[in-house]
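The values are calculated or read from the model by the stated rules, or taken from the named source; none is laboratory data. Just so it is clear, the structure is predicted and the values come from calculations on it, not from any experiment. We place every Cβ from the backbone using ideal geometry, glycine too, and count neighbours over all the protein chains shown. When the accessible area is computed, the model is the full protein with side chains, heavy atoms only, and any ligands, DNA or RNA have been set aside. Shrake-Rupley method; radii C 1.70, N 1.55, O 1.52, S 1.80 Å.
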Amino acid sequence: MKRSLLSSNPACLNSNEVHRLISEQLSHLLSNGIDGYSCDRQTVSDMVEKASVTGAAIEGTCKALVDAPTGMTVRSYLNNELSVTELQEIECKVQTLLKSDLPKRLWKKPLNLAMDFHDEPFYGKDPTLCAYACRGEACKGTTWFYRVATVYVVHHQIPYTLGIVFLLPEYSVQQVVEALLHQIRSLKLQIGGLYLDKGFCVQPIISLLKGKPYEVIMACPIRGRKGGTRSLCKGRKSYFTEYTFYAGQPKAYTVPLTIVRTYELTHGKRHAVWLLYVTLNSSTKNPQTIRARYRSRFGIEASYRCMRQTHALTTSRNPALRFFLLALAFLILNLWCVLRWRFCQVPRRGGRFINQMAYELQRHRQFIAQSIDEIYHPLSCIFAQVVPIDH
């Protein structure tokens, strides 16, 4: 699936062009069946896009535009289009869209990838919908969440989300990792390193990734008061070692660990901090290098913070609609990254660099919102229905 990023003037990127590109992507997720007398597919697409880039609810977005349909109309069309029974099909379409129009440079050398989870709170009690929600630690007044997992890459300071999976309660962490790795293999990309957080540090993942042709670094939780992995946090230097989890039990397994001693400033005082990493298939001899490589993983945390700026507010219990809005947020981000790569290159000796200030995320969101405002006209006044009593 290819998209043209060239307007009538290849050197110019304007708001209408950005709006056209994201609408073209959404056209693959919404069918032509939306065709009412006051609302069609493009209208629904525009309302959802405006809600996403402004971080507002669909209802409030529709009320703020003079020529827009009601929020109830838009939501009813979306709920009819995005049936929970078609969740897997929607997921496949989103995965295809995330892979479209990636820079060719991604295929030139091995890439460092990161994986993570993102939770959306779920407050419903319907058993049918609960079957799509996962349990987790209490957050925002609930222990039920709609959960997605993503795989992410930072290339030349430009971040991309390459794959996404909607998690069902019966999915294991191993199945999630396998599904995301399958999406990477389908792109025929080379993996140079894989960086995972503490949530992935379990035996099935370690067994799955051991022996792979790329380096794997995952954070290891520090547990125990005096024993456990906390007993490794001693001495004055970083070092490599091996550690056996569940020692003396039938399910015991041994992993290579990197123990890193570093320092932090708290209230102006410098104190030691210990960091533990499971390192697989690694030939690195310096523990601080392991830490430095893992730190690049924090780019995925930045991508989630950006995603929250392009995510429409909703309290819908429809998991397909919740996933659709999450996917749209990542699609808007990926389009921003692609456009910044295409239009913000600055020549210099020895190559080019990306002027990230030339097209910030805020401007990308403004471009989309501005183009939609030109079509539906923002509400600029209201009228009193009667003369005020105290007039």
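Brief remarks follow.
- Among (i) 29.1; (ii) 32.9; (iii) 28.0, the entry that matches mean projected area of the Cα convex hull in nm² as calculated here: (iii)
- Contour minus Cα-Cα distance for Ala56 and Met357 (0.36 nm per residue): 105.8 nm
- With the cut-off at under 16 Å, measuring from each backbone N in the range 221-236 to a point 7 Å along the Cα-to-Cβ line of Arg270 picks out 236.
- Rounded if a/c under 1.5, otherwise prolate or oblate - the range 99-248, Cα gyration tensor axes: oblate
- Chymotrypsin sites (Phe, Trp or Tyr not before Pro) within the range 224-312: DSSP coil, no more than 16 neighbouring Cβ in 10 Å: Tyr246
- Once the Cα-Cα distance is subtracted from the 0.36 nm per residue extended length, the Lys210 to Arg223 segment shows a gain of 2.4 nm.
- What the range 278-321 shows is 49 Å² of accessible area per residue, with the surface traced by a 1.4 Å probe over protein heavy atoms.
- Computed from the C-beta positions of Trp107 and Glu24, the FRET efficiency with R₀ = 30 Å rounds to 0.80.
- Label-to-label distance, nm, for residues given as Asn79 and Arg236 (7 Å Cα→Cβ offset): 6.7
- Extending 7 Å from the Cα toward the beta-carbon at both Phe383 and Ser186 defines two label points whose distance is 5.3 nm.
- Couplings for the range 199-205, taken from phi via the Karplus curve 6.51 cos²θ - 1.76 cosθ + 1.60 with θ = phi - 60°, read x, 9, 7, 9, 4, x, 5 Hz in order; Gly and Pro are left as x.
- The range 169-236 and the range 126-167: distance between their alpha carbon centers, rounded to Å: 17
- Take the Cβ atoms of Ala247 and Val202, set R0 to 25 Å, and the FRET efficiency comes out at 0.90.
- Legend: distances between Cα atoms for Lys104/Lys140; Lys188/Lys237; Lys140/Lys188; Lys109/Lys198; Lys210/Lys234; pairs beyond 31 Å are Lys104/Lys140; Lys188/Lys237; Lys140/Lys188.
- Using a probe of 1.4 angstrom and keeping all protein chains present, the accessible surface of the range 151-268 works out to 52 square angstrom per residue.
- Whether the range 264-340 is rounded, prolate or oblate, judged on the alpha carbon gyration tensor where a/c under 1.5 counts as rounded: prolate
- Using every pair of separate Cα atoms, the Kirkwood estimate puts the hydrodynamic radius of the range 1-155 at 18.5 angstrom.
- Overall form of the range 215-292 per C-alpha gyration tensor (a/c, 1.5; a/b vs b/c): oblate
- Residue-averaged [θ]222 nm for the chain, counting only DSSP H segments that reach four residues, each worth -39500 (n - 2.57): -11000 deg cm²/dmol
- Modelled FRET efficiency - R0 30 Å, Met72 with Asn16, Cβ distances, 0.05 increments: 0.55
- The apolar share of the surface of the chain, taken as the fraction of accessible area on carbon and sulfur atoms (1.4 Å probe, ligands and nucleic acids excluded), comes to 52 percent.
- Extent along the principal axes, Cα only, for the range 180-323: 51, 43, 31 Å, with the longest axis given first.
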